[in-house]
Amino acid sequence: MLKILKYSFFDLMRSRWSYVYLLFYFLLGIVLLFLNNDLSKAVITLMNVIIVLAPLIGTIFGVMYYYNSREFTELLLAQPLKRSSIFLGQYLGVALSLSMSLILGLGVPFLMYGLLQSSAIWNFSLLLITGTFLTFIFTALSFNIALSNENKIRGFGYAMLLWLFLAVIYDGFFLMALILFEDYPLDKLSLVGTMLNPIDLSRTLILLKLDISALMGYTGAIFKKFFGTDYGLILSIFMLILWTILPVMRMVFKAKKKDF
Amino acid sequence: MVSITNLYKRFNKNTVLSGVNLEIHQGGIFTILGPNGSGKTTLIKSILGMVIPDKGTLMVFGKNIKSNSSYRHQINYLPQIANFPSNLKVKELIKMIKNLRGDPGTDLELMERFELAPFLDKKLGTLSGGTKQKVNIVLTFMFDSPLIILDEPTTGLDPISLLFLKERIQIEKAKGKTLLITSHIMSFVEEVSDEIVFLLEGNIYFKGSVSALKAKTQEQDFEHAIASILSNNHA
């Protein structure tokens, strides 16, 4: 698996888009820090960007990489390699290279700014951890979609729909449900609703840590009331881990049954 | 060496293999023939574990290949269409496959014979079909394995390379290896094969030597013998 990981990783590192992605985060970090001067505000703005962008890029790169490396995969399948290690290797190659772009792209400007002396270091680390989780989750989801769809365009379409649904539409439905049923106790519903969407979960997680009640909204407030800050943090990280493991397991399972 | 019992495979509604039984012994050249869509490639890919059969057992080197991958150390496979990652260079690809198999291989002689040296630093996406097929053949023959599977090996080759390929096939045969070949070039099949397996609509219609096939169809010419099977069946 490590050999495949290495090849996939370096294959992606040679691609122009990895650098564009890295450069984007790098510029974003610099602009936010040196034009804004307020570290905690910069972290919040970054959160809003990462929470939408990391899933989007993870989805696009995941689907594109899978379809573009079909030939490579077929070549590997005839070699004495386990199917699970072929697909896990490719998946980790994509997810790790994207996460590296994120961490390096944001980490370097923040280090330059003097993050290590600042109190925001934990908030910032949590931001990078959630971003990495989101990258892993959405790359795994997109690999799942690509594995289940032979047709490139259809697979790409489904992957984009999934992103659109979880990043935008889900919140709309969620809010509508909360307004429609406002006469009923909605604590449980909103807790479950948050946990079923990794993007909402990440947002709640970061806001819990930042402890900004004004931005937390209804679900965040309930989360805090229900679990308290520490327990809430642990629970949401646990949920993110679950969100990563389940799609990866399905991916391996699906890959074992597929014909090439 | 390879033993297939009662193999079934369908893709959606399309039944490709329906109860294939085949025994391939060690040593010699076996060719799998059949019209387009008769399941030749599916059969080969099942042996390689790339296609997962719906029913039936596949034993390679005496072991069931289900959820097993290490037996592929002993197989060299030449895929039908040389689909390589287009952004890799020829020499990177060769290095990668060696690395993945954990085997240094012997590619130098092959490269020389195919005159591939000027292409080593070129990306695979820029190569012509014939050159890709040469790279494909180098990748297949550079390892020393007892079972060699060639899916349409002659595609796109120029006469000199074809001659070399035939020569190489005979060398491998002389070493006591087993070769499993599919081809549509009848003269090639007649020349190289020791035994023919004729697939028709997902079943083995005929298995035996070229002369046995001629006797069965009462034709003098091999090409006509094959044609008579096909036309009799479709009539």
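State yes or no: is A:VAL52 within 23 Å of A:VAL168 (Cα to Cα), among the β-branched types (Val, Ile, Thr) and at pLDDT 90 or above? In short, yes. Within segment A:188-220, take every residue that is loosely packed, with under 14 Cβ neighbours inside 10 Å and at pLDDT 75 or above and give me the one that is farthest from the chain's Cα centre (by Cα). So, considering only residues that are loosely packed, with under 14 Cβ neighbours inside 10 Å and at pLDDT 75 or above, the one farthest from the chain's Cα centre (by Cα) is A:LYS188. Restricting attention to segment B:72-86 and to residues that are modelled with pLDDT under 85 and facing chain A (nearest Cβ under 7 Å), the residue that is farthest from A:LEU12 (Cα to Cα) turns out to be B:ASN83. For segment B:1-15, the candidate set comprises residues that are in a strand (DSSP E or B) and under 18 Å from the mean Cα position of the chain (by Cα); within that set, the residue that is surrounded by the fewest Cβ atoms within 10 Å (Cβ to Cβ) is B:SER3. Residues that are assigned to a helix (DSSP H, G or I), among the aromatic types (Phe, Trp, Tyr) and within 14 Å of another protein chain (Cβ to nearest Cβ) within segment A:228-260 comprise just one, A:PHE253. Tell me yes or no: at least one residue of segment A:217-227 is more than 30 Å from A:ARG83 (Cβ to Cβ), assigned to a helix (DSSP H, G or I) and touching a Phe, Trp or Tyr at 6+ places or on another chain (Cβ under 6 Å). For segment A:217-227, residues more than 30 Å from A:ARG83 (Cβ to Cβ), assigned to a helix (DSSP H, G or I) and touching a Phe, Trp or Tyr at 6+ places or on another chain (Cβ under 6 Å): absent.
At least 2 residues being among the polar types (S, T, N, Q) is the threshold, and among the helices (runs of 4 or more DSSP H) wholly inside segment B:120-233 those reaching it are B:129-141, B:159-174, B:210-217.
Scan segment A:208-240 for residues that are under 15 Å from A:PHE133 (Cβ atoms) and without any contact (Cβ under 8 Å) to a residue 12 or more places away in the chain and the total you get is 3. Screening the candidates B:LEU150, B:LEU127, B:LEU180, B:LEU162 for the property of being surrounded by 16 or more Cβ atoms within 10 Å (Cβ to Cβ), free of Cβ contacts under 8 Å to residues at least 40 places away in the same chain and not hydroxyl-bearing (Ser, Thr, Tyr) yields one hit, B:LEU127. Note on segment B:87-108: residues that are within 9 Å of chain A (Cβ to nearest Cβ) and touching a residue at least 40 places away in the same chain (Cβ under 8 Å) total 3. For B:SER38, the conditions (1) modelled with pLDDT under 90; (2) more than 14 Å from chain A (Cβ to nearest Cβ); (3) crowded, with 18+ Cβ neighbours inside 10 Å; (4) in contact with a Ser or Thr (Cβ under 9 Å, 6 or more places away or on another chain) all hold with the exception of (4).
Looking across segment B:43-76, the residues that are closer than 14 Å to A:LEU77 by Cα and among the β-branched types (Val, Ile, Thr) come down to B:ILE44, B:ILE47, B:VAL51, B:ILE52, B:ILE65, B:ILE75.
If you go through segment A:8-42 and keep only what is of a type in the set (D, E, K, R) and surrounded by 14 or more Cβ atoms within 10 Å (Cβ to Cβ), you end up with just A:ASP11. Among the criteria (1) away from chain B (no Cβ under 14 Å); (2) at negative phi, the one A:ASN37 does not fulfil is (2).
B:THR140: more than 9 Å from chain A (Cβ to nearest Cβ), buried (at least 17 other Cβ atoms within 10 Å of the Cβ), within 24 Å of B:LEU58 (Cα to Cα) and under 19 Å from the mean Cα position of the chain (by Cα), yes or no? Considered against the rule, which asks whether it is more than 9 Å from chain A (Cβ to nearest Cβ), buried (at least 17 other Cβ atoms within 10 Å of the Cβ), within 24 Å of B:LEU58 (Cα to Cα) and under 19 Å from the mean Cα position of the chain (by Cα), B:THR140 comes out as yes. Taken as a whole, segment A:109-126 holds no residue that is buried (at least 22 other Cβ atoms within 10 Å of the Cβ) and either closer than 24 Å to A:PHE61 by Cα or among the hydroxyl-bearing types (Ser, Thr, Tyr) (or both).
So, in segment A:53-89, of the ones that are within 11 Å of chain B (Cβ to nearest Cβ) and among the β-branched types (Val, Ile, Thr), which residue ends up nearest to A:SER15 (Cα to Cα)? Taking the candidates together, the pick is A:THR73.
Residues being more than 7 Å from chain A (Cβ to nearest Cβ), hydroxyl-bearing (Ser, Thr, Tyr) and free of Cβ contacts under 8 Å to residues at least 60 places away in the same chain: count how many of those fall in segment B:41-71. Counting residues in segment B:41-71 that are more than 7 Å from chain A (Cβ to nearest Cβ), hydroxyl-bearing (Ser, Thr, Tyr) and free of Cβ contacts under 8 Å to residues at least 60 places away in the same chain gives 5. Scanning segment A:109-123 for residues that are of a type outside the set (A, V, I, L, M, F, W, C) and under 13 Å from A:ALA42 (Cβ atoms) turns up A:PRO109, A:TYR113, A:GLY114, A:SER118, A:ASN123. For segment A:1-72, the helices (runs of 4 or more DSSP H) that sit wholly inside it and include 2 or more residues that are under 19 Å from A:TYR91 (Cα atoms) and more than 21 Å from the chain's Cα centre (by Cα) are A:2-13. A residue that is more than 14 Å from chain A (Cβ to nearest Cβ), closer than 27 Å to B:VAL192 by Cβ and among the basic types (Lys, Arg) occurs nowhere in segment B:4-25.
The values are calculated or read from the model by the stated rules, or taken from the named source; none is laboratory data. It should be emphasised that the depicted structure is a prediction, and the values quoted were computed from it without experimental measurement. All Cβ positions, glycine included, derive from the backbone under ideal geometry; neighbour counts span all protein chains shown.
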